[in-house]
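Following: one structure in structure tokens, then a few remarks.
The values are calculated or read from the model by the stated rules, or taken from the named source; none is laboratory data. Just so it is clear, the structure is predicted and the values come from calculations on it, not from any experiment. Methodologically, a virtual Cβ is constructed for each residue, glycine included, from the backbone with ideal geometry; neighbour enumeration extends over all protein chains shown. Keep in mind that these areas ignore ligands, DNA and RNA; they rest on the heavy atoms of the full protein, side chains included. Shrake-Rupley method; radii C 1.70, N 1.55, O 1.52, S 1.80 Å.
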Amino acid sequence: MNEFYQKDIISIRDYSREQLEKIFASTDKILQQDPADRREICKGKTLGYLFYEPSTRTRLSFESAVASVGGNSLGISDITSSSHQKGESLADTVRIMSIYSDILVLRHALDGSSRFAAEISDKPVINAGSGTEEHPTQAIQDLFTIKKEKKKIDGLKIGIVGDLKYGRTVYSLLYGLGNYDVDVRLISPESLRIRSDSVYEIKKKLDFTESTNIEEDLDELDVLYVTRIQKERFPDEEEYLKVKGSYVVGQDLLKKMKDDSIILHPLPRIDEISPDVDKTKNAKYFEQAEYGKYTRAALLGLILNENGF
Ligand code: CP
């Protein structure tokens, strides 16, 4: 039996390097497959989605992914239009969604929400963002993008800049990178450094340095992963205003980087990458968003087929 069959995706920490490489190989297979053959992979399967927080890419890439493998989707993208407004609990909503779907995708503001949902649902649950904790399918997409664009992950120097305290994509990416031999540089304002409760876990598998200065050793980086300051997660708006606009990647910084370096961003972007970077050969964040559709299609194919595809 395929090892991903009917398994939840809650944390990237549950995946070994070997498993990640299997997912990347399945994604490559999806990319190369004839569209008609691809539509057989999840034919007739229903993906249910439940988004308690806003999303553009994650929800739409899951919808697009399931359609591309022959399935369909239903769900709640605006929680205010659901019976949550009448007081229905997350537990009951998950129970109902798991009756109508073969697999459930959940985004919620609370840490632990996806693990909680997985305990209730009798269908597999995919964490599409749980509080400030994790966004594992984003990390799979990020690692796949690095591998496609740089032809390897081992040996790379990777800078991660921005909101390292509240950005859940950062935690999943760091846990995922822990499976590879990489040199990581974390760049953030002092107040947005990576959370101390996660440092111990990350340090077990990954070497990293911390800095507030984006220009320090910028010329050595192969990958610059830029993140948004997560305004909505600050308990105090004054604190947000102090760090707003701390880093803006523009042509001036790009000129200091290696010619073949790549710039990634999970998106949405606010002002941390100038639009004039978009047309450069280094900007790979829109390709990254596109790879998200294919990595998610591969995951659905693996989770919903006993013998894989
Ligand atoms: N990267 C990401 O999670 O984007 P959305 O919030 O638009 O889903």
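Things worth noting here:
- Of LYS123/LYS203; LYS165/LYS242; LYS147/LYS279; LYS45/LYS150; LYS256/LYS279; LYS148/LYS203, pairs whose Cα-Cα distance is over 24 Å: LYS123/LYS203; LYS45/LYS150; LYS148/LYS203
- One equal scatterer on each Cα of segment 6-82, no solvent, Debye formula: the resulting log10 I(q)/I(0) at q = 0.14, 0.23 Å⁻¹ is -0.59, -1.19.
- Applying the criteria of a DSSP loop state and at most 15 other Cβ atoms within 10 Å to the GluC sites (Glu not before Pro) of segment 1-96 yields GLU3, GLU40, GLU88.
- For segment 100-178, the relative contact order works out to 28 percent when only alpha carbon pairs closer than 8 Å and six or more residues apart are counted.
- Relative intensity, log₁₀ I(q)/I(0), of segment 207-270 from a Debye sum that treats every alpha carbon as a point, q = 0.12, 0.17, 0.30 Å⁻¹: -0.37, -0.71, -1.39
- C-alpha long axis of helix 285-304 to longest principal axis of the chain, angle in °: 30
- The Kirkwood hydrodynamic radius of segment 136-289, based on inverse pair distances between different Cα atoms, is 15.5 Å.
- When the Cα positions of ILE263, THR212, SER114 are compared along the charge dipole of the chain, SER114 comes out farthest toward the positive end, with charges on each C-beta of Lys, Arg, Asp and Glu.
- Loop-resident sites, segment 202-309, for GluC sites (Glu not before Pro), counting at most 10 other Cβ within 10 Å (DSSP): GLU306
- Relative contact order (percent, whole number), the chain, Cα cutoff 8 Å, 6+ residue spacing: 22
- Among SER89, GLY159, ILE76 - extreme Cα towards positive end, dipole of the chain, charges at beta-carbon: ILE76
- Contact order normalised by residue count of segment 197-309, Cα under 8 Å, 6+ apart, percent: 26
- Fraction of accessible area attributable to carbon and sulfur, the chain (%, probe 1.4 Å): 46
- Rounded to the nearest 10 Å², the accessible area of ASP102 at probe 1.4 Å: 50
- Most mobile of LYS22, LYS204, LYS123 in a GNM of the chain (Cα contacts under 10 Å): LYS204
- Highest mobility in the GNM of the chain, judged by mean-square fluctuation with C-alpha springs under 10 Å and restricted to LEU177, LEU47, LEU254, is found for LEU254.
- Using a probe of 1.4 Å on the protein chains alone, the accessible area found for SER172 is around 0 Å².
- With all protein chains kept in place, the per residue accessible area of the chain amounts to 44 square angstrom at a probe of 1.4 angstrom.
- Of the two radii for the chain, the radius of gyration is 0.96 times the Kirkwood radius, both from the alpha carbons; that is the Rg over Rh value.
- Per-residue 3J(HN,Hα) values for segment 87-96, derived from phi via the Karplus relation 6.51 cos²θ - 1.76 cosθ + 1.60 with θ = phi - 60°, read x, 5, 6, 4, 4, 5, 5, 5, 4, 5 Hz in sequence order (x marks Gly and Pro).
- DSSP bridge orientation in the chain - percent antiparallel, rounded to nearest 5: 5
- Residue-wise HN-Hα couplings along segment 218-231, as the Karplus relation 6.51 cos²θ - 1.76 cosθ + 1.60 with θ = phi - 60° gives them from phi, are 4, 5, 9, 6, 8, 9, 10, 9, 9, 10, 7, 6, 7, 3 Hz; Gly and Pro carry x.
- Annotation: extensible slack from VAL199 through THR212 equals 3.0 nm (criterion: 0.36 nm per residue apart, minus Cα-Cα distance).
- Under a model in which nothing but the beta-carbon of Lys, Arg (+1) and Asp, Glu (-1) is charged, the chain shows a dipole of about 640 debye around its Cα centre.
- Stokes-Einstein diffusion for segment 36-80, with the hydrodynamic radius set to the Kirkwood value over Cα pairs and evaluated at 4 °C in a medium of 1.567 mPa s, equals 119 µm²/s.
- Its Cα centre serving as origin, segment 51-110 has a Cβ charge dipole (Lys and Arg +1, Asp and Glu -1) of approximately 80 debye.
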